[in-house]
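A short write-up of the structure that comes next.
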Amino acid sequence: MTLTQGMEIEIVDYLLSAEKEAKEVIKVTDRYPDLMIEKAYDLQQQLIERKIKEGARHVGVKLGLTSKAKQEMMGINEAIYGYLLNDMLSTEWEPIGSKELIHPKAEPEIAFLMGEDLQGTSVTAEDVLKKVKYVAPALEIIDSRYLNFKFTLPDVVADNCSSARFVVGSKWMKPELLDLANVGMVMSKNGEVATVGAGAAVLGHPATAVAWAVNKLGQRSKGLKKGDIVLTGALSEAIAFEAGDSIIAQFDGLGSVSFFCK
Ligand code: OOG
Ligand code: MG
């Protein structure tokens with residue numbers, strides 16, 4: 001079944017109100033089982049355009065399911081990308097409000113800040129590193145709008161890859177000062193180690209993950225812009241948290257990033 005424009009608007013409305021009301025909903029493919037991945041990216045784009053129309057600003061791109069740990073956790077063997085908007089950007093000193101979220105989980109990630117635009121369909125990790133100005137430690141807070149955090153590949157893409165919030169640490173470093181594949185990471189919840197990982201977890205190197213996303217975006221005549229923040233994907237499984245919890249991710253050589261949930 002091909003989706004009519006009316007059906008597409010209805011799906012976007014459905015996902016936007018699930019987010020606004022912080023209520024989980026039945027996944028889109030339960031109603032539209034033949035939803036294809038490319039159409040799901042069209043829906044994602046419409047959802048982002050709606051948010052921008054309502055006043056949000058584009059601040060970057062996120063990668064998802066770039067690590068084996070995450071792919072196994074979600075049962076999907078393919079990387080995905082979504083968009084970061086200014087209303088998702090949170091700071092370390094301002095608690096994350098649990099009431100606005102459904103069933104949030106924290107992910108430790110390495111963030112890139114782009115020093116130049118980058119677009120193409122045969123971009124390599126080396127090309128990416130040339131255009132990255134800084135790297136920083138980050139925590140992404142994902143919050144799938146779907147019931148029990150369960151979905152198929154097209155579902156999660158349409159839902160802007162579960163994006164909800166993200167926090168970037170204050171220490172920004174030149175990428176050449178670090179061996180990003182070998183950066184070790186420990187994430188703790190309330191002072192106890194919750195999970196560990198390393199930069200190599202995301203497709204062997206975070207820059208390889210970003211090159212993948214740039215090439216995917218390139219197929220849609222899109223790319224990264226100077227000043228974009230790129231979240232390169234969780235280095236480990238995601239950890240659920242709730243009001244009263246604090247999360248910190250410590251990266252060797254790159255410093256730490258944390259948040260408190262109220
Ligand atoms: C999809 C988003 C995954 C990551 O870093 O792997 C993601 C999900 O697991 O809900 O952001
Ligand atoms: Mg993530």
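The values are calculated or read from the model by the stated rules, or taken from the named source; none is laboratory data. Values in this document were obtained by computation on a predicted structure and should not be read as measured data. When we count neighbours, we look across all protein chains shown, and the Cβ atoms used for this are built from the backbone with ideal geometry, even at glycine. Please note that ligands, DNA and RNA were not included when accessible areas were found on the heavy atoms of the full protein model with its side chains. Shrake-Rupley method; radii C 1.70, N 1.55, O 1.52, S 1.80 Å.
Considering every residue within the range 43-59, establish whether at least one is within 16 Å of ligand 2 (Cβ to nearest atom) and either charged (D, E, K, R) or under 19 Å from E109 (Cα atoms) (or both).
Just the residues of the range 43-59 that are within 16 Å of ligand 2 (Cβ to nearest atom), to begin with: 44, 59.
After this cut, where a residue has to be either charged (D, E, K, R) or under 19 Å from E109 (Cα atoms) (or both) as well, the list is 59.
Within the range 43-59, one or more residues are within 16 Å of ligand 2 (Cβ to nearest atom) and either charged (D, E, K, R) or under 19 Å from E109 (Cα atoms) (or both).
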Check L47 against each of (1) farther than 24 Å from V202 by Cα; (2) free of Cβ contacts under 8 Å to residues at least 60 places away in the same chain and name the one condition it does not meet.
(2)
Output the residues belonging to the range 17-39 that are over 18 Å from G97 (Cα atoms) and in contact (Cβ under 8 Å) with a residue 24 or more places away in the chain.
V25, I26, K27, V28, T29, Y32, D34, L35, M36, I37, K39
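With respect to G197, is the statement that it is open to solvent by 10 Å² or more (accessible area, probe 1.4 Å), closer than 11 Å to E107 by Cα, at pLDDT 95 or above and among the small types (G, A, S) true?
Details: open to solvent by 10 Å² or more (accessible area, probe 1.4 Å): yes; closer than 11 Å to E107 by Cα: yes; at pLDDT 95 or above: yes; among the small types (G, A, S): yes.
Considered against the rule, which asks whether it is open to solvent by 10 Å² or more (accessible area, probe 1.4 Å), closer than 11 Å to E107 by Cα, at pLDDT 95 or above and among the small types (G, A, S), G197 comes out as yes.
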Within the range 122-142, is even one residue on the phi > 0 side of the Ramachandran plot and within 16 Å of ligand 2 (Cβ to nearest atom)?
no
For the range 49-81, give me each residue that is open to solvent by less than 40 Å² (accessible area, probe 1.4 Å), part of a helix (DSSP H, G or I) and more than 11 Å from ligand 1 (Cβ to nearest atom).
K51
Looking at A249, is it in contact with a His (Cβ under 7 Å, 6 or more places away or on another chain), open to solvent by less than 20 Å² (accessible area, probe 1.4 Å) and not in a loop (DSSP other than H, G, I, E, B)?
no
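Just name the residue that is nearest to ligand 1 (Cβ to nearest atom) out of those in the range 137-190 that are polar (S, T, N, Q) and touching a Gly at 6+ places or on another chain (Cβ under 6 Å). Can you show your working first?
Residues of the range 137-190 polar (S, T, N, Q): 144, 148, 152, 160, 162-163, 170, 182, 188, 190.
Cutting the leftovers down to touching a Gly at 6+ places or on another chain (Cβ under 6 Å) gives us 160, 163.
Details: N160: 9, S163: 7 Å.
Taking the candidates together, the pick is S163.
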Identify, by number, the condition in (1) open to solvent by 30 Å² or more (accessible area, probe 1.4 Å); (2) out of contact with any Ser or Thr (no Cβ under 8 Å at 6 or more places or on another chain); (3) modelled with pLDDT of 95 or more that K27 doesn't meet.
(2)
Residue identified as hydroxyl-bearing (S, T, Y), touching a Lys or Arg at 6+ places or on another chain (Cβ under 9 Å) and in contact (Cβ under 8 Å) with a residue 24 or more places away in the chain among S188, S236
S236
